[in-house]
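K.L.:
The following block contains the structure, expressed as C-alpha cells.
The values are calculated or read from the model by the stated rules, or taken from the named source; none is laboratory data. None of these values were measured; they are calculated from a predicted model. As a convention, Cβ positions derive from the backbone with ideal geometry for all residues, glycine included, and neighbour counts pool all protein chains shown. Ligands, DNA and RNA are stripped out before the accessible areas are found, and what is left, the full protein with its side chains, is counted by its heavy atoms. Shrake-Rupley method; radii C 1.70, N 1.55, O 1.52, S 1.80 Å.
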Amino acid sequence: MLDYLGLEADLGEEERMIRDTARRFVEDEVREDIGQHWLDGTFPADLIAEMGDLGFYAPNLDGYGSPNVSETAYGLLMQELEACDSGLRSMASVQGALVMYPIHAFGSDDQKERWLPDLGTGEAVGCFGLTEPEHGSNPSAMETDAVKQGDEYVLNGTKTWITNSPIADVAVVWAKDRSAEDDPVRGFLVETDRDGVTTNKIDEKLSLRASITGEIALQDVRVPQEDVLPGVEGMKGPLSCLNQARYGIAWGAVGAARDCFETARSYATDREQFGGPIARFQLQQDKLAEMATQITTSQLLAYRLADLKERGDMEPTHVSMAKRNNVRMARDQSRIAREMLGGNGIVADHSPMRHMANMETVYTYEGTHDIHTLILGQDLTGIAAFE
Ligand code: TGC
Ligand code: FAD
C-alpha cells in the first residue's frame, strides 16, 4: 500500500491494530460485493452491527463503551473504510461523528445512557438532519422549527439529503426554538417512529450509491423536553459536529485515492500493449508519479491534522483546508486512475470510476469545496464573502 514517506512506520501498536482490523474487514467482508451494492443502490445492512462489534463507531470518544483511541487511529480507520467505498466511511462518519459525538458532547446523562451504547454497537442507527430543501450551504437560514407546548416541543419542517434517514432509529434534528429569545438553533433527538415523522428514500443517485439517503419530514412531531440536547445553543452546535465529520473525510479521501492508485499501478504493470506492459511508457509513469505525490502530500496534511486534534489545537479552518484539499485531490486522481484502465475503467469490476462518482458527493457534502474556499478566504483576509 502506498506510504511513500514511511508515515506508518511511526504508528503505535493500537493504531496498527485498528488499521489492520479495518483493512482485513474490508478485504474479507466487503470488497468482493461492494461494486454490486453500488450498482443496486444498497448498503450492506448486515455489516452495520458487525462494524459496531469491531468498534468502528466513534472509537475516539471516551466512555459509554467508546475506548478513546488516538485521533490518528480514528483517521486510519476512516482511510481504510473509504479505500473500499465512501458509503462505508459515511456509515461510520454519520453514526460516530454526527450522532454519537453531539450526544456525547452536548447530551444529558440520561440521553448518553439511552443512546450511546446502542449506537456504538450498531444496535441503533442514527442520522443527522441539518440540510433543508432550500438551505444547504447556508443552514443558519433553516426553516424547521420547534415550539414549546407544556413539557413538549412541537417540530415542523423538512430535512433532505440525510444519510441513513430511511433506516435510522433516531435523528439528531437541528431546529429553531421559536419559544426562546432570538430563536436559537437547538438539537432534538427525534425517534423516527414518532407520529408525524416520515423518512422517504432518495433514489436514482449517480454517486454514493452504496449508501442510503433520504428526507426527514416533520409534521407536528411532539418531542418531550428531555429529548432536547441541553448542552448547546446556536449554530456552533451543528457546526462543531461537522468539524468531527470533516476530519474523518480528510483522512477517508486519502484512502479512496490510494485505492485508485494501487488499482492503476497494478493494471499498468499487467496490461500489455505494443509488446509490453503499459507501465513502461513515460506517459503512464508520469500519471503514477503525480498520483503518488498528490496522495502523499494529502497524507501529510491528514497526519498533521491528527496531531493538532490530539493536542487540542485543531481549528475549524485547519479542517476546512484539509477537507478541501484532500477531497479535490481524490476527485482529480480517481479520474486519472480511471483513464489508465482504458475501457475496463468504466465497468464496476474496477474501483476507480466508482470512487470518482462517489467523490462528487464527498466534494459537495460536509461543506462544498466552494464553502471551504470561502471559510479559508475569510480566515486569511478577515472579510467574509458568503453573501
Ligand atoms: P457563523 O456566523 O460564522 O458562526 C455561527 C456560530 O458558529 C460558530 N462556528 C463554529 N463552531 C464550531 N465549528 C465550526 N466549524 C464553526 N463555524 C462557526 C461561530 O463561532 C458562531 O458561534 P457563536 O458562539 O458566535 O454563535 O456561521 P454561519 O451561520 O454564517 O455559517 C458559516 C458557514 C457557511 C461556514 C457554515 O454555515 C457552513 O459550514 N456551511 C456548510 C454547510 C454544511 O457543511 N452542511 C453539512 C451538512 S451535514 C452533511 O453534509 C453530512 S454528510 C454525512 C456523510 O454521509 O458522511
Ligand atoms: P447549495 O448550497 O444550493 O449550493 C449549490 C452550489 O452553489 C454549490 O456549488 C455551492 O458550492 C455554491 N454556493 C453556495 N453558496 C455559495 C457562496 N456563498 N459562494 C459561492 N458559491 C456558493 N446533509 C445533512 O444535513 N445530513 C446528511 O447526512 C447529509 N448527507 C448527504 C448525503 C449525500 C449523498 C448528499 C449529496 C448530501 C448530503 N447532505 C447531508 C447535504 C449536503 O451537506 C449539502 O448537499 C451541501 O451542504 C450543499 O448544499 P446544497 O446541496 O443545498 O447546495
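K.L.:
Go through region 154-168 and count every residue that is surrounded by fewer than 23 Cβ atoms within 10 Å (Cβ to Cβ) and over 18 Å from the mean Cα position of the chain (by Cα).
P.N.:
4
Here is a yes/no grid of residues against (1) touching a Lys or Arg at 6+ places or on another chain (Cβ under 6 Å); (2) touching a residue at least 40 places away in the same chain (Cβ under 8 Å); (3) within 16 Å of ligand 1 (Cβ to nearest atom):
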position	(1), (2), (3)
20	no, no, no
29	no, no, no
54	no, no, no
58	no, yes, yes
87	no, yes, yes
102	no, yes, yes
107	no, yes, no
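K.L.:
Quick check, is residue 282 at pLDDT 95 or above and either under 28 Å from the mean Cα position of the chain (by Cα) or hydrophobic (A, V, I, L, M, F, W, C) (or both)?
P.N.:
No, not satisfied.
K.L.:
Same structure, new question: What pairs come up if the first residue lies in region 338-361 and is outside the structural domain of residue 207 (by TED's automatic domain parsing) and under 16 Å from residue 207 (Cα atoms), the second is of a type in the set (Phe, Trp, Tyr) and within 16 Å of ligand 1 (Cβ to nearest atom), and their beta carbons are under 7 Å apart, counting only those six or more places apart or on different chains?
P.N.:
348/38; 354/38
K.L.:
Of the numbered conditions (1) surrounded by fewer than 19 Cβ atoms within 10 Å (Cβ to Cβ); (2) within 16 Å of ligand 2 (Cβ to nearest atom), residue 226 satisfies every one except a single condition; which is it?
P.N.:
With (1) surrounded by fewer than 19 Cβ atoms within 10 Å (Cβ to Cβ); (2) within 16 Å of ligand 2 (Cβ to nearest atom) applied to residue 226, the lone miss is (2).
K.L.:
Of the residues 136, 107, 75, 96, which is modelled with pLDDT of 95 or more, closer than 22 Å to residue 330 by Cβ and open to solvent by 10 Å² or more (accessible area, probe 1.4 Å)?
P.N.:
None of the other options fit; the residue is 136.
K.L.:
Kindly indicate which of 186, 246 is more than 12 Å from ligand 2 (Cβ to nearest atom) and modelled with pLDDT of 95 or more.
P.N.:
Selected residue: 186, the only one of 186, 246 that is more than 12 Å from ligand 2 (Cβ to nearest atom) and modelled with pLDDT of 95 or more.
K.L.:
Separate question: Only residues that are aromatic (Phe, Trp, Tyr) and open to solvent by 90 Å² or more (accessible area, probe 1.4 Å): list them for region 261-293, please.
P.N.:
Once the filter is applied, which keeps residues that are aromatic (Phe, Trp, Tyr) and open to solvent by 90 Å² or more (accessible area, probe 1.4 Å), region 261-293 yields only 274.
K.L.:
While we're here: I need every pair where a residue in region 265-291 that is in the same structural domain as residue 351 (by TED's automatic domain parsing) and more than 16 Å from residue 338 (Cβ to Cβ) has its Cβ under 8 Å from the Cβ of a residue that is surrounded by fewer than 18 Cβ atoms within 10 Å (Cβ to Cβ) and of a type in the set (Val, Ile, Thr), sequence separation at least 6 or different chains.
P.N.:
As it stands, the answer is 277/269; 279/269, since those pairs meet every condition given.
K.L.:
Residue 203 versus (1) loosely packed, with under 15 Cβ neighbours inside 10 Å; (2) within 12 Å of ligand 1 (Cβ to nearest atom); (3) in contact (Cβ under 8 Å) with a residue 40 or more places away in the chain: which is the lone unmet condition?
P.N.:
(2)
K.L.:
Could you figure out which of (1) closer than 30 Å to residue 171 by Cα; (2) under 18 Å from the mean Cα position of the chain (by Cα) isn't true of residue 298?
P.N.:
(1)
Residue-wise test of (1) modelled with pLDDT under 95; (2) closer than 23 Å to residue 117 by Cα; (3) surrounded by fewer than 16 Cβ atoms within 10 Å (Cβ to Cβ); (4) among the polar types (S, T, N, Q).
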residue	(1), (2), (3), (4)
9	no, no, yes, no
12	no, no, yes, no
22	no, yes, no, no
27	no, no, yes, no
30	no, no, no, no
38	no, no, no, no
59	no, yes, no, no
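K.L.:
Name every residue in region 206-223 that is assigned to a loop (DSSP other than H, G, I, E, B) and either outside the structural domain of residue 167 (by TED's automatic domain parsing) or exposed (fewer than 14 other Cβ atoms within 10 Å of the Cβ) (or both), in order of residue number.
P.N.:
If the condition is that a residue be assigned to a loop (DSSP other than H, G, I, E, B) and either outside the structural domain of residue 167 (by TED's automatic domain parsing) or exposed (fewer than 14 other Cβ atoms within 10 Å of the Cβ) (or both), then 206 is the only one that fits.
K.L.:
Given the options 330, 268, 322, name the one that is away from ligand 1 (no atom under 16 Å from the Cβ) and at negative phi.
P.N.:
Of the residues listed, the single one that is away from ligand 1 (no atom under 16 Å from the Cβ) and at negative phi is 268.
K.L.:
Just to be sure, is residue 80 surrounded by 24 or more Cβ atoms within 10 Å (Cβ to Cβ) and more than 15 Å from ligand 1 (Cβ to nearest atom)?
P.N.:
yes
K.L.:
Moving to a separate point now. Can you name every residue in region 106-138 that is farther than 19 Å from residue 93 by Cβ and in a helix (DSSP H, G or I)?
P.N.:
Those that are farther than 19 Å from residue 93 by Cβ and in a helix (DSSP H, G or I): 109, 110, 111, 112, 113, 114, 117.
K.L.:
Another question, then. All but one of (1) open to solvent by less than 50 Å² (accessible area, probe 1.4 Å); (2) under 17 Å from residue 7 (Cα atoms) hold for residue 304, so report the exception by its number.
P.N.:
Looking at each condition in turn, residue 304 falls short on (1).
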